[in-house]
Amino acid sequence: MSQPGIPASGGASTGLQAQNGAASASGSPYTNGPVQNALMSSQVSVSQGYNSQLPGSYPHLIPAKTLNPVSGQSNSGGSQTVSPLSNYQRPGQAPYGPPVASHPVTPSLRSGPSPQMPLPTSQNPAATPMPSGSFLPGASVPSPSNWQYNYLSQTNHCPRASSQPTMTGNTNLMSPQYVSSGDSSLQNNFIKSGSALPLANPPLPTTFQPGAPLGPPPTGGPPPVRGLTPQKLTARTVPQPSFNSTSNQEATSQPTNKNPTMSRSVGYSYPSLPPGYQNTPPPSTTGTGIPLSSLNYPSGPQAFTQTPLGANHLTASMSGLSLHPEGLRVINLLQERNMLPSTPLQPPVPNLHEDIQKLNCNPELFRCTLTSIPQTQALLNKAKLPLGLLLHPFKDLVQLPVVTSSTIVRCRSCRTYINPFVSFLDQRRWKCNLCYRVNDVPEEFMYNPLTRVYGEPHRRPEVQNATIEFMAPSEYMLRPPQPPVYLFVFDVSHNAIETGYLNSVCQSLLDNLDLLPGNTRTKIGFITFDSTIHFYSLQEGLSQPQMLIVSDIEDVFIPMPENLLVNLNESKELVQDLLKTLPQMFTKTLETQSALGPALQAAFKLMSPTGGRMSVFQTQLPTLGVGALKPREEPSQRSSAKEIHLTPSTDFYKKLALDCSGQQVAVDLFLLSGQYSDLASLGCISRYSAGSVYYYPSYHHQHSPVQVQKLQKELQRYLTRKIGFEAVMRIRCTKGLSIHTFHGNFFVRSTDLLSLPNVNPDAGYAVQMSVEESLTDTQLVSFQSALLYTSSKGERRIRVHTLCLPVVSTLNEVFLGADVQAISGLLANMAVDRSVTASLSDARDALVNAVIDSLSAYRSSALSNQQSGLMVPFSLRLFPLFVLALLKQKSFQTGTNARLDERIFAMCQVKNQPLVYLMLTTHPSLYRVDNLSDEGAISINDRTIPQPPILQLSVEKLSRDGAFLMDAGSVLMLWVGRNCGQNFLSQVLGVENYALIPQTMTDLPELDTPESARTIAFISWLREQRPFYPILYVIRDESPMKANFLQNMVEDRTESALSYYEFLLHIQQQVNK
């Protein structure tokens, strides 16, 4: 039985059944009720909702109740070419994929003698053989091992005027494209040239005050509109949504496009109230928000003055290259190795007109590997650089504009949300920047309640902010927004009790119970397990929690479903009682078995009616029931790149994760284990359900107090950070570009729709792209991500980010715009996939070949005069260094005795961390801290934070008379030289001499000295910038941690890895062949 409005064969054939509890597409939608609270600063109220989805394409969002594991058609997380579900395909195996003829293909990589993954002809319409060795097809000489990044597959194109309709809710054919006469790229006059060009949608003066009353429109032009009563916007109130669920129901069927849309049209009947807007507090000076200019609106009427955009305003080629005096400076890396800047590396700024660039999306949220997009796939192939996007879509923001309106303006063809990079042909028509369709401006959009002016649609906040959040009206829901549901599943076997983790976790829960995101509907429940499963009835009225034991793990059932997930407010005392007694309940246990699989099945059954978040704590290899695992790690093979077990040993956890995803349940796994626990298999439960993995090796409450501290700090963040429930995300791009592979934790539904049962502010995603059709008719392209989610307050919201980049036609311009950090991050994601589908040595070879290929391409095609040495463009000066750092990163290193679970965890982090944290883990920052001063310091909240220069990662930079802090992301290491000055020892460490530094020092004493205050302020500032808690280790010369410190010196030689200089010589030898 298929859901109304969803073709039985729609999207991915995952056996999507009508979802439990979902209103049918044809039924009446639920309204969301009044908006409860505003988004304020970083406390953006991230509420939650039921599997509500966007109309129109909403059908794709219906979670799958059952999956068809046999067909393997459910595409999902990890990284997906919109295909591999997980048992990552091996060479020679047919990859899993959606049953669409045209779907993306995983990068086909080859290294040396290892078998090459064939490209199935069904996935390659042209069936042309790809060059075997290069990352990018089109390589003339196959290199020993490389990736192909570009697959001209037809999946997920960004809107095409002529494409066939998608089978979403409405299946009518596309109506003709209305393109105004003249040049097809009317809106694209933003390319920077010698003269400044006017911006289509100019930023506004800064007179708008968020608290100002919203008044009626001026008399005259518009139809009668009732004025909004003045209301003060505070952190706790938001304007009532003015949508009217009945009037908006007659959504006329819309032309659809091959790019499945996220919602159907919202209809063209307008309610009587103009939309209300709410702006969060003004941005801070930290630069983390949206450009200042984008949030201010004028108070008086302004004339509609938009300069007509035509071909005469476009420059034939980007004459702005001179603006990057260093951009194309050629560097001989063998002579100028020390290219690491002393301040954090900034992403390159796209070569756009300044008026458009200041409206562009913050690179912390949305970043492209190439800030100048090649005009053709042939040009991209020639550059041998990967094209892709890195996203951090749900990041905590200091300020975020929120719009409450009954009409969300979107392109009728490709469903793109109106954004700063569309062009207004006149007051009544706007042209989409993704598919170029000309759309009408809805009447309601003509009025701007902030300026109280009619007839200025280009000044609305939606057209002034590249990042914006909409309060979604009822059309974006299929069921009422779900309540926040939190279920905790605890391992209570003998091994678990020995670690003492229950004390820490229960105490953290007690401390943060009132801070769990939610409202009066929040539900909570607990399950514990060893060889049996224990449920806890927390029914209101009981004097104490009641334990129910289910010993039949072969056929798990739920004993009293109605009392196991309870309203937190109503049963808070019972919950607190349980958390206080739980750590003592099993202290005498002798039960050593672990039935994790059956416990997860029970938890899934309990949560499936509503969805929510499942937090699982496990301390050993599961040994009983379904999902039982056997030890696979062989210590003798830890250091080799061959034959290590990176693939799951069972598909049980993946299949269960897909069931969870179908019912809007995400699973977060906390692994606290001293022994091998097969994280390669267990991690699938989180990867495919959009959860996260946390790993605490050798956790013990007495033997490893630093791990206890880390768990407590990270649990506090985990329990209190904002959360989005039953979310879906779609990424759209300008016609001609195509997305073919996704990386991250999610399930891919219907080729380009990512299903995220939970979304959290600490998760990152990546996608690979190709140029499917020549971009010769345009000088700008745009990318837009739209994340529809339910906040913990029960509001349905849509967060939209839009990025605009220039198109270029020469190889030099492509190299000029290369973002070396984004390229390294995307390659790391691809290398994890290669490690799993082929081998670790294949992945390492392919990383090296990525550098060789791109620098060979630069030397042969872009370098005007051939010189000896290793010549690189300035933009790629750090590329060899970052790839060498990746080769020495725990995910890909060889020759070390790293545990297999630690390697797998590092790979999980690569796939799930935002780029900024991934780069810090890969290439740590080194600072000298025994001479901190206030020179160049920054001031935050009346605190002075020193800013010491970043040093190269080489022992050459260390000296025995200093102290050096290494920030490696999840760990901070303070190495103190044997001859360090007495001042630092006494004023910062609080010891009289070097010998008195404790061997296991993990905290700095707070001393009443300026040196201590500066050091602690700097370390606290580093810690505050990330969601996880880095432990600080103070290291002496003879400390066991010194080896870890030196291991991160990526420029130095180790027993199994080249030094930076040796690596450059190797690259030069290959490039100059």
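The table below gives the values:
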{"quantity": "Strands (runs of 3 or more DSSP E) enclosed by the range 873-956 - at least 1 residues per element that are under 29 Å from F742 (Cβ atoms) and under 25 Å from the mean Cα position of the chain (by Cα)", "calculated": "none"}
{"quantity": "Count - residues of the range 978-997 that are in a helix (DSSP H, G or I) and either touching a Ser or Thr at 6+ places or on another chain (Cβ under 6 Å) or over 18 Å from A1013 (Cβ atoms) (or both)", "calculated": "6"}
{"quantity": "Subset tally (residues that are farther than 16 Å from D901 by Cβ and either among the hydrophobic types (A, V, I, L, M, F, W, C) or at pLDDT below 95 (or both)) for the range 617-641", "calculated": "6"}
{"quantity": "Of all residues making up the range 569-599, the number that are closer than 20 Å to L515 by Cβ, in a loop (DSSP other than H, G, I, E, B) and open to solvent by 10 Å² or more (accessible area, probe 1.4 Å)", "calculated": "2"}
{"quantity": "Within the range 781-817, tally of residues that are closer than 19 Å to T371 by Cβ, buried (at least 24 other Cβ atoms within 10 Å of the Cβ) and over 17 Å from the mean Cα position of the chain (by Cα)", "calculated": "11"}
{"quantity": "Test: residue in the range 985-992 that is of a type in the set (G, A, S), in contact (Cβ under 8 Å) with a residue 60 or more places away in the chain and at positive phi", "calculated": "no"}
{"quantity": "In the range 859-872, the residues that are assigned to a helix (DSSP H, G or I) and out of contact with any helix residue (DSSP H, G or I) (no Cβ under 8 Å at 6 or more places or on another chain)", "calculated": "S860"}
{"quantity": "Which numbered condition V767 misses (of (1) open to solvent by 10 Å² or more (accessible area, probe 1.4 Å); (2) of a type in the set (V, I, T); (3) touching a Gly at 6+ places or on another chain (Cβ under 9 Å))", "calculated": "(1)"}
{"quantity": "Search result, residues across the range 349-374 that are under 24 Å from M830 (Cβ atoms), crowded, with 21+ Cβ neighbours inside 10 Å and of a type outside the set (F, W, Y)", "calculated": "P350, C361, P363, L365, R367, C368, T369, L370, T371, S372, I373, P374"}
{"quantity": "Positions within the range 419-430 being surrounded by 23 or more Cβ atoms within 10 Å (Cβ to Cβ) and farther than 27 Å from P761 by Cα, in sequence order", "calculated": "V422, S423, W430"}
{"quantity": "Check on L737, crowded, with 20+ Cβ neighbours inside 10 Å and in contact with a helix residue (DSSP H, G or I) (Cβ under 8 Å, 6 or more places away or on another chain)", "calculated": "no"}
{"quantity": "Conditions (1) under 21 Å from the mean Cα position of the chain (by Cα); (2) open to solvent by less than 20 Å² (accessible area, probe 1.4 Å); (3) within 30 Å of S1020 (Cβ to Cβ): number failed by L754", "calculated": "(3)"}
{"quantity": "Count of the range 880-908 residues which are open to solvent by 30 Å² or more (accessible area, probe 1.4 Å) and free of Cβ contacts under 8 Å to residues at least 40 places away in the same chain", "calculated": "1"}
{"quantity": "Pair list, Cβ < 7 Å and 6+ apart or interchain, from the range 401-418 residues that are touching a residue at least 12 places away in the same chain (Cβ under 8 Å) and surrounded by fewer than 24 Cβ atoms within 10 Å (Cβ to Cβ) to residues that are assigned to a loop (DSSP other than H, G, I, E, B) and of a type in the set (D, E, K, R)", "calculated": "R412/R437"}
{"quantity": "Residues (touching a residue at least 12 places away in the same chain (Cβ under 8 Å) and under 17 Å from F604 (Cβ atoms)) located in the range 546-556", "calculated": "V550, I553, E554, V556"}
{"quantity": "Residues that are in contact (Cβ under 8 Å) with a residue 40 or more places away in the chain and not acidic (D, E), drawn from the range 1053-1065", "calculated": "T1054, S1056, A1057, L1058, Y1060, Y1061, F1063, L1064, L1065"}
{"quantity": "Residue check for D853: open to solvent by less than 10 Å² (accessible area, probe 1.4 Å), closer than 22 Å to Q1069 by Cβ and charged (D, E, K, R)", "calculated": "no"}
{"quantity": "Test: residue in the range 1048-1061 that is within 23 Å of K957 (Cα to Cα), open to solvent by 20 Å² or more (accessible area, probe 1.4 Å) and in a helix (DSSP H, G or I)", "calculated": "yes"}
{"quantity": "Extreme residue, farthest from L719 (Cα to Cα), among residues of the range 1010-1039 that are of a type in the set (K, R) and open to solvent by 40 Å² or more (accessible area, probe 1.4 Å)", "calculated": "R1014"}
{"quantity": "Filtered residues of the range 523-547 (kept if farther than 30 Å from G794 by Cβ, outside any loop (DSSP other than H, G, I, E, B) and over 38 Å from the mean Cα position of the chain (by Cα))", "calculated": "M547"}
{"quantity": "Hits in the range 998-1008 (condition: touching a strand residue (DSSP E or B) at 6+ places or on another chain (Cβ under 9 Å) and at pLDDT 95 or above)", "calculated": "L1004"}
{"quantity": "The range 370-421, residues that are in contact with a strand residue (DSSP E or B) (Cβ under 7 Å, 6 or more places away or on another chain) and basic (K, R)", "calculated": "R410, R412"}
{"quantity": "Total residues in the range 1006-1047, condition assigned to a loop (DSSP other than H, G, I, E, B) and either farther than 30 Å from M339 by Cβ or in contact with a helix residue (DSSP H, G or I) (Cβ under 9 Å, 6 or more places away or on another chain) (or both)", "calculated": "15"}
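Residues checked against (1) touching a Leu at 6+ places or on another chain (Cβ under 7 Å); (2) of a type in the set (K, R); (3) crowded, with 24+ Cβ neighbours inside 10 Å; (4) touching a residue at least 40 places away in the same chain (Cβ under 8 Å):
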position: S661; (1), (2), (3), (4): no, no, yes, yes
position: R687; (1), (2), (3), (4): no, yes, yes, yes
position: H700; (1), (2), (3), (4): no, no, no, yes
position: S704; (1), (2), (3), (4): no, no, no, no
position: K710; (1), (2), (3), (4): no, yes, no, yes
position: R717; (1), (2), (3), (4): no, yes, no, yes
position: T720; (1), (2), (3), (4): yes, no, no, yes
position: G724; (1), (2), (3), (4): no, no, yes, yes
position: S750; (1), (2), (3), (4): no, no, yes, yes
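Rundown of residues vs (1) out of contact with any strand residue (DSSP E or B) (no Cβ under 6 Å at 6 or more places or on another chain); (2) aliphatic (A, V, I, L, M), yes/no style:
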site: V807; (1), (2): no, yes
site: A828; (1), (2): yes, yes
site: S839; (1), (2): yes, no
site: R844; (1), (2): yes, no
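The values are calculated or read from the model by the stated rules, or taken from the named source; none is laboratory data. These numbers were taken from a predicted model, which means no experiment stands behind them. Reconstructed Cβ throughout: ideal geometry from the backbone, glycine too, with neighbour counts over all protein chains shown. Side chains included, ligands, DNA and RNA excluded: accessible areas come from the protein's heavy atoms. Shrake-Rupley method; radii C 1.70, N 1.55, O 1.52, S 1.80 Å.
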